[in-house]
1. Work out how far the C-alpha atoms of the range 65-169 reach from end to end along every principal axis, then list the three figures in whole Å, largest first.
2. Exceeding 21 Å between C-alpha atoms, which entries from my cross-link table qualify? They are Lys102/Lys127; Lys102/Lys143; Lys87/Lys118.
3. If you put +1 on each Lys and Arg Cβ and -1 on each Asp and Glu Cβ, how big is the dipole of the range 112-169 around its Cα centre, in Debye rounded to 20?
4. Modelling each spin label as a point 7 Å along the Cα-to-Cβ direction, I'd like the Asn122/Thr71 distance in nm, to one decimal.
5. Setting aside same-chain residues fewer than 8 positions from Lys111, which aspartates and glutamates have a Cα under 12 Å from its Cα?
6. Can you give the Rg to Rh ratio for the range 117-169, taking only C-alpha atoms and Rh from Kirkwood?
7. Sketch the reach of a paramagnetic label on Asp64 as a point 7 Å from Cα along Cα-to-Cβ, and name the residues of the range 148-165 whose backbone nitrogen lies under 19 Å away.
Amino acid sequence: MNHKIIKLFIASATMALASHSASATTPSLWDGVAASPQQSLQVPDNQLQSGSFEYVSLSPVYFDSDKATLTREGQQALDAASEYLQKHTNIRRILVDGHTDKVGSIYHNDKLSDRRAKIVHNYLIIKGIDPSLINLAGMGEHKPVDQNWTRDGRQRNRHVSIYAVHWNR
């Protein structure tokens with residue numbers, strides 16, 4: 001019986017430490033700044049020289065709670081983003097990251113963030129952006145830019161981030 005209690009204690013302590021270190025390293029959690037772009041962007045090693053590329057964060061597209069439909073403000077943000085993307089010929093990737101607040105199940109929020117990213121993707125294609133440049137990612141509730149226990153914080157977390165990746169070579 002003592003072995004079961006010790007094993008349970010060790011398991012719970014391990015989980016507590018793992019969750020503490022994960023939350024402590026979440027980028028931009030409290031400052032309201034957009035989270036950094038995907039870490040998994042595949043770039044050939046010979047192009048990873050210092051200054052060979054840069055991320056440009058475009059205006060985020062905000063969504064209503066539990067919705068994946070564009071608002072008028074969202075369409076205006078996407079019109080401005082598509083204008084920028086069409087003007088710059090050295091863009092080699094466009095990262096579109098969907099996000100949600102923490103209301104609802106993790107599964108539901110993961111699917112909702114996928115749908116939000118797909119809506120933005122489709123809108124950019126309609127505006128003439130090359131679909132082969134666009135990389136989609138649904139982040140769900142996993143990379144918040146603000147706290148989730150206030151109405152304003154949840155509202156800022158319901159967005160799609162758009163990053164243009166410029167090659168400077």
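1. On the principal axes, the range 65-169 reaches 42, 29, 21 Å in Cα extent.
2. On the way: Lys102/Lys127 31 Å; Lys102/Lys143 10 Å; Lys87/Lys118 23 Å.
From Lys102/Lys127; Lys102/Lys143; Lys87/Lys118, over 21 Å: Lys102/Lys127; Lys87/Lys118.
3. Dipole about the Cα centre, nearest 20: 80 debye.
4. Computed distance between label sites Asn122 and Thr71 equals 2.0 nm.
5. Asp66, Glu141
6. 1.08
7. 151-160
Rule-based calculations on the coordinates, nothing more; no lab input. Bear in mind the structure is a predicted one, so any value in this text is a computation, not a measurement. A quick note on method: Cβ atoms are made from the backbone with ideal geometry, for glycine too, and the neighbour counts reach across all protein chains shown.
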